[in-house]
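Structure record follows, encoded as structure tokens.
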Amino acid sequence: MQPSLPHPAVRLDRVGKRYPGTSADAYAVRGVELDVAAGEFFSLLGPSGCGKTTLLRMIGGFTDPTEGCVLLGGEDVTGLPPEKRDVNTVFQSYALFDHLSLADNVAFGLRRKRVPRPEIRRRVADMLDLVQLGAVADRRPATLSGGQRQRVALARALVNRPQVLLLDEPLAALDLKLRRRMQVELKQIQREVGITFVFVTHDQDEALTMSDRVAVMNEGRVEQCGTPEDVYEHPASSFTASFLGTSNLVPGTYRPGRIVLDAGPELPVCARPGLADGSRVSLSIRPEKIWLSDLEPGMARVEGVVRETVYSGPTTTYLIELAPGVTVSVLEQNTDRSRMEDRWCGGERVEVGWRPEHGLVLD
Ligand code: ADP
Ligand code: MG
């Protein structure tokens, strides 16, 4: 007999949600098919209103799907209430008990489950150490910073040792610097405890930094699912290309192995089998993949005019106009080789180039 494969921690089988009272085709979530592997850090990424929270609530049992099934560890849990599912949720608002100490906040769920006292004490202490709050275990939440409160909320959810932890924009209320630090910490904690995380965010940097895999959502559907590198380097749609970081989308017409830009020139691109000769397409090129100097033979090349130079510390961004209304941004690292006086100024004519494999043809 074949050894059976382990079940995914979460499986969404054609899950859809239409809220009552909304029109027949107004779906908050539609036809979502996803597997999240055990131990994975999985993110749902998309703009506000695309259905991330609704999808997360259906995994947690706070909202029932109107279509499809939710499976946890291979078991169909569709229709089961949250407390019958082996999941915990961390919401954006921490909802801590202000009259309880940190330790008591974290112990709350275990007490309700009547876990023996010595075990509670041990697990709470371990968990507070893990989130680096062991030294302030007796303090009240009101005396903590936002980042510390968020760590208490995390400890309170993790102490229950759920199979899956659901996190709905847990870092959104933190300022940028703290958020960056918490991203790294959260990822470390997840690795240490090995619990499956399903993490909701509208921040593409956050999703790319933290996740093993990302599902990019748009209007209730999953547009693309893959590793951060997959979805960033190989976006399957112009939505994904422009939602993840900056992407230059240049309109043109596809010919096998070439693209004829509306802006004029004809450039080499990788062939897209199955795409009809003459299709209207966008050419997508990441700003950091475009070169402004020392172009190599074989590169796709276009002339343009520098319209804007934006210095931002480690990098400089140039806006280059290829034709009226067609502008690309180009990102250069400010290494010690690129000196101030060598930077391009506004109005100069330049030739930009990129390797053909970095120009993606999108429908
Ligand atoms: P996100 O978390 O990605 O911002 P949501 O899941 O909150 O998106 O919302 C997805 C869509 O469902 C939105 O159009 C929103 O207005 C709608 N929606 C969310 N909750 C409800 C509700 N309780 N009743 C009706 N419509 C809702
Ligand atoms: Mg939301």
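Side notes on the structure shown:
- If you go through the stretch 92-111 and keep only what is loosely packed, with under 14 Cβ neighbours inside 10 Å and charged (D, E, K, R), you end up with Asp98, Arg111.
- The strands (runs of 3 or more DSSP E) found entirely in the stretch 252-303 that carry 2 or more residues being at pLDDT 90 or above and open to solvent by less than 80 Å² (accessible area, probe 1.4 Å) are 258-261, 280-285.
- Yes/no for Leu71 being over 26 Å from Leu110 (Cβ atoms), among the aliphatic types (A, V, I, L, M) and in the same structural domain as Arg213 (by TED's automatic domain parsing): yes
- Scanning the stretch 210-238 for residues that are open to solvent by 40 Å² or more (accessible area, probe 1.4 Å), under 18 Å from Gly49 (Cα atoms) and among the β-branched types (Val, Ile, Thr) turns up just one, Val222.
- Listing of strands (runs of 3 or more DSSP E) fully contained in the stretch 1-114 that carry 1 or more residues being within 16 Å of ligand 2 (Cβ to nearest atom): 10-17, 29-36, 41-45, 87-90
- Arg161 vs. criteria in the same structural domain as Ser43 (by TED's automatic domain parsing), open to solvent by 60 Å² or more (accessible area, probe 1.4 Å) and closer than 29 Å to Asn248 by Cβ: no
- Counted residues, the stretch 194-209 - those being open to solvent by 10 Å² or more (accessible area, probe 1.4 Å) and away from ligand 1 (no atom under 13 Å from the Cβ): 6
- The C-beta contact set for the stretch 148-172 (first residue within 21 Å of His7 (Cα to Cα) and outside any helix (DSSP H, G or I), second residue of a type in the set (Ser, Thr, Tyr) and away from ligand 2 (no atom under 16 Å from the Cβ), distance under 6 angstrom, 6+ apart or interchain) comprises Val164/Thr196.
- Matching residues in the stretch 120-133 - criterion: being open to solvent by less than 60 Å² (accessible area, probe 1.4 Å) and either over 17 Å from Leu100 (Cβ atoms) or more than 33 Å from the chain's Cα centre (by Cα) (or both): Ile120, Leu130
- Only one of the numbered conditions (1) within 23 Å of Ile189 (Cβ to Cβ); (2) touching a residue at least 12 places away in the same chain (Cβ under 8 Å) is not met by Asp104, and that is (2).
- Where a residue in the stretch 11-33 is closer than 17 Å to Asn218 by Cα and its partner, wherever it lies, is open to solvent by less than 80 Å² (accessible area, probe 1.4 Å) and among the aromatic types (Phe, Trp, Tyr), with Cβ under 6 Å and at least six apart: Gly16/Tyr27; Arg18/Tyr27
- Just one of the listed residues (Leu174, Leu166) is in contact with a Phe, Trp or Tyr (Cβ under 9 Å, 6 or more places away or on another chain) and under 30 Å from Phe243 (Cα atoms), namely Leu166.
- Single residue of the stretch 42-85 satisfying the filter (surrounded by fewer than 20 Cβ atoms within 10 Å (Cβ to Cβ), under 23 Å from the mean Cα position of the chain (by Cα) and of a type in the set (A, V, I, L, M, F, W, C)) that is farthest from ligand 1 (Cβ to nearest atom): Leu71
- Qualifying residue in the stretch 132-149 (condition: away from ligand 2 (no atom under 16 Å from the Cβ), in the same structural domain as Thr209 (by TED's automatic domain parsing) and under 20 Å from Thr196 (Cα atoms)): no
The values are calculated or read from the model by the stated rules, or taken from the named source; none is laboratory data. What you see is a predicted model, and the numbers here were worked out from it, not measured in a lab. Note that we place each Cβ from the backbone using ideal geometry, even for glycine, and neighbour counts take in every protein chain shown. To get the accessible areas, we keep the full protein, side chains included, count just its heavy atoms, and leave off ligands, DNA and RNA. Shrake-Rupley method; radii C 1.70, N 1.55, O 1.52, S 1.80 Å.
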